[in-house]
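The values are calculated or read from the model by the stated rules, or taken from the named source; none is laboratory data. All values reported here derive from a predicted model rather than from experimental measurement. In this analysis, Cβ positions are derived from the backbone assuming ideal geometry, glycine residues included, and neighbour counts consider all displayed protein chains. For accessibility, only protein heavy atoms count, side chains too; no ligands or nucleic acids. Shrake-Rupley method; radii C 1.70, N 1.55, O 1.52, S 1.80 Å.
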Amino acid sequence: MFSLPSSTLRYYEELGLLTDVGRTQNRQRIYTQAHIDRLHAVMCFKRTGLPIAKIADFFEYEKELPAHIDDILQLMTGHEKNTLRQLQELTCDLEHIRKKVRYYTALRESFRSGAPCPDYESI
């Protein structure tokens, strides 16, 4: 479901990111919907660059609500700002890549047709 190796899932258990994982008689792990939901959150946080230690902090704070509500909000608002900054940077980078694709597509067409090569700035 998440394309994670079993070693990563075990590591998440060691860190306390996945708790109360059941086992079959053959010692195979049994994951519940709660584990799957938590893994969705972990993967979201990881993809957006939240360090694993901060992810662990988040889940520790969640255990002690409402005492840590301000800690959670501070962590999440800071991460939201970082994610928005990354998104803006990626949007600019994507436009740069798209311009390269347009340029090299036009360049290939000029090679094939014998037409003059395009000017990068005019693309």
Given a 1.4 Å probe and every protein chain left where it sits, what share in percent of the accessible area of segment 1-104 is carbon and sulfur? 55
Cα gyration tensor of segment 1-40, axes a ≥ b ≥ c as square roots of the eigenvalues: rounded (a/c below 1.5), prolate (a/b > b/c) or oblate? rounded
With 0.36 nm assigned to each residue of separation and the Cα-Cα distance removed, Ser6 to Gln86 gains 25.8 nm
Quick check: net charge around Thr105, other residues with Cβ under 15 Å of its Cβ, Lys/Arg +1 and Asp/Glu -1? +4
Test item: Cα-centred dipole of the chain, Lys/Arg +1 and Asp/Glu -1 on Cβ, debye: 700
Relative to the first principal axis of the alpha-carbon coordinates of the chain, what is the inclination of helix 6-15, with its axis defined by its Cα atoms, in degrees from 0 to 90 and to the nearest 10? 60
Pop the C-beta distance of Tyr120 and Lys54 into the FRET formula with R0 = 35 Å and round what comes out to the nearest 0.05. 0.25
Could you check the spin-label model distance between His40 and Glu95? Points 7 Å from the Cα along Cα→Cβ, value in nm. 3.3
Starting from the coordinates of the alpha-carbon atoms of the chain, obtain the Kirkwood hydrodynamic radius over all distinct pairs and give the value in Å to one decimal. 18.4
Between the helical axis of 33-47 and the dominant principal axis of the chain, each derived from Cα atoms, what acute angle in degrees is found, rounded to the nearest 10? 40
